[in-house]
Amino acid sequence: MRIQKLAILLLICPLYSIGQLKITKEEAKEDIVWLEKALEYVHPRIYKYNTKKSFDSIFGKAHKKIEASNNSILAIDVLSEVSKINAHVNCGHLYTIPQFELEQEILAKKVMPFHVKILQDEIFIINDCSDAAGKLNGAKLLTVNGKSSATILQEMKEGIATDGYIDTRKNRLIEHYFSTTYYGFDLYYYLHVDRSQTFQIEYEEHGSKEIKKVTLSGISSSDRANILLKKYHVDERIWFKTPSPRFEISDSNRYALLTVSRSFYNAKIDPDFDELLDDAFRQLKERKIPNLILDLRNNGGGSEHQQMELISYLYDKPFKLYDNIYLSHLDYRPLKSIIIERDSVDLVFNNDDEYMRKFSNDLWVSNYRYGKNLQLQPPKKNVFKGNLYVLINGTTFSSAGDLASDIRKTTDAVFIGEESGGTFEGPTGGANIVVQLPNSKIMVRISPNIQMGYMYSKHPIGRGVIPDHKIVYSIDDVLRNEDLELKKVLQLIENN
């Protein structure tokens, strides 16, 4: 009840002066101990990519950092350590989210007055909102407050949780400027690199290649968003405001473009997914369109229904999403004191129908073909049989990443872009066990299940779908707002 009242107070009083939240050393150590218990108990593949010895070492380092502090420690420092520990699991569905006072502290921070773009492991400045607006656009960032861009990227990436060994998703998450309490350059820099309010920038000027220096004052995220909208007509939340899916056929009738940028439904702007697909694939068949471009870039996943609907229009045989679903435990009562967002009666998963079979002490497996995602579904009558091209990038994740994997396994589709953000063999995801560390109130969302994709074929473990045609952008391409993936696919269609 105290937490609910505090949350209401923060909503009513947004101008409340935000300080730096502190907790005692003992409280911080207790939070880390609970995190270790929760990860080991809930996460079904915590040791897939790193050994127990490796985790013991990283937890030991966290305790040493806390012990080296004075009697108290900043909660933001605890959040940094928790993020690094969670990133060590190599699971993109493991979310670290600040709450209450800590969330407000992060939202109140000053940020650099521009956006960044990560190209070939270098940081470039775009959308310059400084006093000399526009003069930094396209510049290569060399140092900030004495730290090199390479060091900055390394320190940030140590705290970004993504699937397996996929680096493209880390790069795209750095470029995020929404969901800013758990994604994006501003958060990662503040958490893991530096908490200054001014930024001494050394940069290589675009065009002239001259090395220059400038000191910039940090601004609020809201001020930067307003400048972006006014001077560049850039809306940081446009992704949420753009309908999905979208379908169009070229004037020549040689190709059609199906863009699925989101996998969740917004009733205010989105068309009915099933109806749009039904109409789109009917038109493709009736008008004999030979080429289909499926754009899955920037789709972070969500709906398994959308995933299944799409594959049933692209593969002409019965298909199901998963061979098996694995679950770490059925009984989560040992973590009752820190689990939130779940009634206590739901801490024990109902297994009356013996849906799950015990595989080992800490792993259960689906016992029979139960649930739609484990049952073969028939293909649609208007299955597309032409040339399929799929556009992907590091943000193609979760159900969208699974869809890319499904298409790779079942069709001759040509993939264009960069490595997708979800592992080919199947992700965690789905249901969450949500814990709240008792003192810092940091929320950690842990998925207890693994979905093993149907028709698995040999693929490097911990990697996403690798494109047939890798696209590499230059800063000039970015400044010109080029779409190199679409250009490439149109070239391929023309050549065919």
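Tabulated results
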item: Residues of region 162-176 satisfying the condition of being open to solvent by 20 Å² or more (accessible area, probe 1.4 Å) and either under 19 Å from residue 106 (Cα atoms) or aliphatic (A, V, I, L, M) (or both); result: 175, 176
item: Search result, residues across region 303-346 that are open to solvent by less than 40 Å² (accessible area, probe 1.4 Å), of a type in the set (Ser, Thr, Tyr) and within 25 Å of the chain's Cα centre (by Cα); result: 303, 322, 328
item: Residue ID - surrounded by the fewest Cβ atoms within 10 Å (Cβ to Cβ), chosen from residues in region 227-266 that are farther than 30 Å from residue 104 by Cβ and aromatic (Phe, Trp, Tyr); result: 265
item: Test result for residue 393, open to solvent by 20 Å² or more (accessible area, probe 1.4 Å) and either of a type outside the set (Asp, Glu) or under 17 Å from residue 308 (Cα atoms) (or both); result: no
item: Test: residue in region 343-357 that is touching a residue at least 60 places away in the same chain (Cβ under 8 Å) and farther than 30 Å from residue 492 by Cα; result: no
item: Subset tally (residues that are charged (D, E, K, R) and crowded, with 20+ Cβ neighbours inside 10 Å) for region 118-131; result: 1
item: Residue tally, condition within 12 Å of residue 334 (Cα to Cα) and either in contact with a His (Cβ under 8 Å, 6 or more places away or on another chain) or surrounded by 15 or more Cβ atoms within 10 Å (Cβ to Cβ) (or both), over region 33-50; result: 4
item: One residue from 298, 387, 351, 361 being over 27 Å from the mean Cα position of the chain (by Cα) and more than 24 Å from residue 434 (Cα to Cα); result: 387
item: Residue within region 138-161 that is β-branched (Val, Ile, Thr), at pLDDT 95 or above, closer than 26 Å to residue 32 by Cβ and out of contact with any strand residue (DSSP E or B) (no Cβ under 7 Å at 6 or more places or on another chain) present; result: yes
item: Any chance residue 483 is among the acidic types (Asp, Glu) and without any contact (Cβ under 8 Å) to a residue 12 or more places away in the chain; result: yes
item: Cβ-Cβ under 7 Å pairs, at least 6 apart or on other chains, region 110-122 side hydrophobic (A, V, I, L, M, F, W, C), far side buried (at least 20 other Cβ atoms within 10 Å of the Cβ) and in a loop (DSSP other than H, G, I, E, B); result: 114/127; 114/128; 114/129; 114/130; 114/136
item: Pair list, Cβ < 7 Å and 6+ apart or interchain, from region 387-398 residues that are in a strand (DSSP E or B) to residues that are surrounded by 24 or more Cβ atoms within 10 Å (Cβ to Cβ) and among the small types (Gly, Ala, Ser); result: 390/404; 391/417; 392/404; 392/417; 392/420
item: Those residues of region 23-45 which are modelled with pLDDT of 95 or more and not in a helix (DSSP H, G or I), in sequence order; result: 23, 24, 43
item: Residue ID - least open to solvent (accessible area, probe 1.4 Å), chosen from residues in region 138-155 that are assigned to a loop (DSSP other than H, G, I, E, B) and within 13 Å of residue 201 (Cβ to Cβ); result: 139
item: Options 311, 325: the member that is in contact (Cβ under 8 Å) with a residue 24 or more places away in the chain, hydrophobic (A, V, I, L, M, F, W, C) and not in a strand (DSSP E or B); result: 311
item: Breaking point among (1) touching an Asp or Glu at 6+ places or on another chain (Cβ under 7 Å); (2) buried (at least 16 other Cβ atoms within 10 Å of the Cβ), for residue 224; result: (1)
item: Tabulated pairs, region 53-77, first at pLDDT below 95, second open to solvent by 90 Å² or more (accessible area, probe 1.4 Å), C-beta under 7 angstrom, 6+ apart or interchain; result: 72/22
item: Matching entry among 74, 79 (being among the hydrophobic types (A, V, I, L, M, F, W, C), out of contact with any helix residue (DSSP H, G or I) (no Cβ under 6 Å at 6 or more places or on another chain) and surrounded by fewer than 20 Cβ atoms within 10 Å (Cβ to Cβ)); result: 74
item: Odd one out for residue 204, checked against (1) over 30 Å from residue 384 (Cα atoms); (2) without any contact (Cβ under 8 Å) to a residue 40 or more places away in the chain; result: (2)
item: Residue in region 207-220 that is within 29 Å of the chain's Cα centre (by Cα), farther than 26 Å from residue 493 by Cα and open to solvent by 40 Å² or more (accessible area, probe 1.4 Å) present; result: no
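The values are calculated or read from the model by the stated rules, or taken from the named source; none is laboratory data. In this text the structure is predicted, and so the values were computed from the model without any measurement. Ideal geometry is used to build each Cβ from the backbone, glycine not excepted, and the neighbour counts take in all protein chains shown. When the accessible area is computed, the model is the full protein with side chains, heavy atoms only, and any ligands, DNA or RNA have been set aside. Shrake-Rupley method; radii C 1.70, N 1.55, O 1.52, S 1.80 Å.
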